[in-house]
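The values are calculated or read from the model by the stated rules, or taken from the named source; none is laboratory data. Keep in mind that what you see is a predicted model, and the values were worked out from it rather than measured. Please note: Cβ atoms are built from the backbone with ideal geometry, for glycine as well, and neighbour counts cover all protein chains shown. Heads up: the accessible areas ignore ligands, DNA and RNA and are worked out on the full protein's heavy atoms, side chains in. Shrake-Rupley method; radii C 1.70, N 1.55, O 1.52, S 1.80 Å.
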Amino acid sequence: MAVPTAVLAVAALALLVWLGAHAVRYLVAGKQLRPVLRVAWRIKYTWRRTARRVGLAQTERIHSPWWSNRPPGTVVTRELIPAVTVAAERWGVRVDASTVGRLGVEEFTQAAGHLADVWRVPLVRVAQVRSGLVQIRALLHDPLTQPATWTDPTEAGSDPAVWVAGVDADGQPVTIRSAGVSGVVVAGLAGYGKTSFLNARFCQLAPSPVVQFVLIDGKGGPDYDDLFTRAWLSAKDDPEQVRDHLARVRELMAARQHAIRAVLGVKNVWHVGPSASWPLVVVVIDEAHTFLNETKGTDAQSKRLDALARETARLVEELIRKGRNVGIQVVLATQKATGDAIPTKIRDNCQVAVSFAQRTSEAATAVLGSDITAAPDEHPRRLQDPAYVGVASMVAQGRPGFTLVRTPYVPDATADAIATATAHLVRDPLHLLTTGEAVADAAPR
Ligand SMILES: Nc1ncnc2c1ncn2[C@@H]1O[C@H](COP(=O)(O)OP(=O)(O)O)[C@@H](O)[C@H]1O
Ligand SMILES: [Mg+2]
């Protein structure tokens, strides 16, 4: 009798300790974390049942082991359920599941909707972190749906080599490659935040004397009025003026190609970084299809415009193809990135692509490439909801696959104030080059 009593006592004590630990954990957790803890425990302690119900269990028939008391050679059925570890995070619950048998990332992804129902959470996302391990994220609140407003950049923010795009689903900063990039496409349905995204980039770079801007707004509205004061060249929807500006940038590119070795001592400006005398020239063309689309009309006016469009397309294509090493970066924003809106020759040479919400798979594939079809969670079609205005899918620096990014909203007054305060930094990069200022400034390097 004495032994069972001792065993019972130990078991009761263990239970008490276990309950106590949970209670303490719950009490010390903040108001935000408690709901997450409740879900985490629900997930953990009901996992085997849940897995069976949503089809994440598999049975196999094996010979009973030698130590079993069944007759040797008896065939028995065994149930395989992926082992999980559960962790509560700020945004929700992270479940690391080991794959087993035929139960891998595909099966988990298929079951995601059911898991969300069982766990009573709004969203379940699944990703393979490495072979044998699938990560399931039960999100209690999607950080991507929390709007963010632009704030002054940190040190890294004003470095033209770094493009701080926003934050990911875990609230972590996300950067896009900018060094050695000559072409960027930003696409997405109207009203989902393309212009605001470009404004944020402008606000990051405008205070830096090593950046000059060419700002072109195909919409022709007031969006860019305030920013033009910080631009070397600017234009609205006047196709001839746009062509002339781009021709001037092309002239700069040719002159820089000719001078780069003598002036900078390198063949690629990114090896030394842009400087005040050899600034990065960011050419923003918003609503770019306005200038690149041919109407194919037969009247004289249409023919004239089509000839202009072809000329503009050639210039843009050349700047993107050859501007990389001399510090010229073209950023095209467009509602449509399909071949009829942006010539594929231009689009396919852009090293960086960003997509806000899209209605069709074709439109998303046109911007992000066919890989996006294998990333349903990050697919821009998913972003067609007012809650996702300002959220874009992109390939981020140092991250595999695609990342959804919450970009900050820039109030007009903020952009206006920055443009005005930095207007004195505007220089003509061609002038800097021809007057030899570039030589003088670059010499001490
Ligand atoms: N990052 C953002 N976060 C929240 N709201 C945004 C964001 N970007 C844009 N918006 C809202 O959406 C509207 C349209 O944005 P805009 O950048 O002009 O879209 P687009 O250029 O794609 O047509 C803005 O006026 C603003 O109200
Ligand atoms: Mg716009």
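With springs only between Cα atoms under 10 Å apart, run a GNM on the chain and tell me which of S277, S64, S234 wobbles the most.
S64
To test your reading of the geometry: what angle, between 0 and 90 degrees and rounded to tens, separates the Cα axis of helix 194-205 from the longest principal axis of the chain?
70
Can you list, largest first and rounded to whole Å, the semi-axes you get for the chain by taking the square root of 5 times each eigenvalue of its Cα gyration tensor?
Numbers: eigenvalues 611, 122, 84 Å².
Whole-Å semi-axes of the equivalent ellipsoid: 55, 25, 21.
Where Lys and Arg each count +1 and Asp and Glu each count -1, what net charge lies around Q397 among other residues with Cβ under 13 Å from its Cβ?
With Lys, Arg at +1 and Asp, Glu at -1, the net is 0.
Taking a threshold of 23 Å on the Cα-Cα distance, which of the pairs K194/K336; K194/K322; K194/K303 fall above it?
Correct reply: K194/K322; K194/K303.
Under the Karplus relation 6.51 cos²θ - 1.76 cosθ + 1.60, θ = phi - 60°, what is the ordered set of whole-Hz ³J(HN,Hα) values for region 87-103, x standing for Gly and Pro?
3J(HN,Hα) across region 87-103, in whole Hz: 9, 8, 10, 4, 8, x, 10, 9, 10, 9, 10, 7, 6, 8, x, 8, 9.
Around K236, which amide H atoms from residues at least 5 apart in sequence, or from another chain, sit under 5 Å from its own amide H, with H modelled in the peptide plane?
D217
Starting from the 7 Å offset along Cα-to-Cβ, what nm value, one decimal, do you get for the label separation of H424 and Q32?
Once both label points are built, they end up 4.0 nm from each other.
Once phi is turned into ³J(HN,Hα) by the Karplus curve 6.51 cos²θ - 1.76 cosθ + 1.60 with θ = phi - 60°, what whole-Hz value does each residue of region 129-139 show in order, with x for glycine and proline?
8, 7, 5, x, 10, 10, 9, 10, 10, 8, 8
At 1.4 Å probe radius, can you tell me the per residue accessible area of the chain in Å²? Mind showing how you got there, number by number?
Numbers: 21480 Å² over 445 residues.
Roughly 48 Å² per residue, with all protein chains present.
Report, to the nearest whole %, how much of the accessible area of the chain belongs to carbon and sulfur atoms, 1.4 Å probe, protein only. Walk me through the numbers on the way to the answer.
Numbers: 11910 of 21480 Å².
Accessible surface attributable to carbon and sulfur in the chain totals 55 percent.
Tabulate in residue order the Karplus-calculated ³J(HN,Hα) for region 66-80, using 6.51 cos²θ - 1.76 cosθ + 1.60 with θ = phi - 60°, rounded to whole Hz; enter x for Gly and Pro.
Once rounded to whole Hz, the list reads 5, 7, 6, 8, 6, x, x, x, 5, 9, 10, 9, 10, 9, 10.
At R0 = 60 Å, how high is the FRET efficiency between E79 and T434 if r is their beta carbon distance? Nearest 0.05 is fine. Walk me through the intermediate numbers first.
Working: r = 78 Å, r/R0 = 1.30.
Plugging the Cβ-Cβ distance into 1/(1 + (r/R0)^6) gives 0.15.
Taking H placed 1.01 Å from N in the peptide plane, check which residues at least 5 places from G183 or on another chain put their amide H under 5 Å from its amide H.
V330, Q351, V352
Using the Kirkwood radius over C-alpha pairs as Rh, can you work out the diffusion coefficient of region 392-432 via Stokes-Einstein at 37 °C, viscosity 0.692 mPa s, in µm² per second? Numbers along the way, then the final one.
Working: Rh = 13.7 Å.
In µm²/s, the coefficient is 240.
Taking 0.36 nm per intervening residue step and subtracting the Cα-Cα distance, what contour gain separates A254 from S98 on full extension? Display every interim value, and only then the final one.
Details: separation 156, 0.36 × 156 = 56.16 nm, distance 5.62 nm.
Length gained, A254 through S98: 50.5 nm.
Find the eigenvalues of the gyration tensor of the Cα atoms of region 82-141, then list the square roots of 5 times those eigenvalues as equivalent ellipsoid semi-axes, largest first, in whole angstrom. Can you show the working numbers first?
Values: eigenvalues 67, 33, 15 Å².
The three semi-axes for region 82-141 are 18, 13, 9 Å.
Would you please give the FRET efficiency between R381 and T5, computed as 1/(1 + (r/R0)^6) with r the Cβ-Cβ distance and R0 = 51 Å, to the nearest 0.05?
Working: r = 64 Å, r/R0 = 1.25.
The value I calculate is 0.20.
Sorted by mean Cβ packing within 10 Å, highest first, what order do the peptides 109-120, 378-389 take?
Details: 109-120: 16.4, 378-389: 18.2.
Ranked by mean Cβ neighbours within 10 Å, highest first: 378-389, 109-120.
Which angle from 0 to 90°, rounded to the nearest 10, does the C-alpha axis of helix 300-322 make with the longest principal axis of the chain?
60
Among 199-207, 219-227, how do they line up from the highest to the lowest mean number of other beta-carbon atoms within 10 Å? Can you show the working numbers first?
On the way: 199-207: 24.0, 219-227: 16.9.
Ranking, from highest mean packing down: 199-207, 219-227.
Using mean Cβ contacts within 10 Å as the protection proxy, how do 19-26, 415-422, 313-320 order, highest first? Let's see the in-between values first.
Numbers: 19-26: 11.1, 415-422: 18.0, 313-320: 21.5.
Ranked from most to least packed, the peptides come out as 313-320, 415-422, 19-26.
Using amide H atoms built in the peptide plane, which far-off residues or other-chain residues are under 5 Å from Y409 H to H?
A148, T149, W150
Would you mind checking the tilt of helix 105-119 against the longest principal axis of the Cα atoms of the chain, expressed as 0 to 90 degrees and rounded to 10?
70
Take the alpha-carbon positions of region 209-268, form their convex hull, and give its projected area averaged over all directions (one quarter of the hull surface) in nm².
Working: hull surface 19.5 nm².
Average projection, Cα convex hull of region 209-268: 4.9 nm².
Using the Cα gyration tensor of region 1-158, with a ≥ b ≥ c the square roots of its eigenvalues, what is the shape: rounded (a/c below 1.5), prolate (a/b larger than b/c) or oblate (neither)? Walk me through the numbers before you get to the answer.
Working: a/c = 2.82, a/b = 1.42, b/c = 1.98.
Cα axes put region 1-158 in the oblate bin.
Which net charge results for the neighbourhood of D412, defined as the other residues with beta-carbon distances under 13 angstrom from its beta-carbon, given Lys and Arg at +1 and Asp and Glu at -1? Display every interim value, and only then the final one.
Working: positive: none; negative: D223, D225, D226, D416.
Net of charged neighbours comes to -4.
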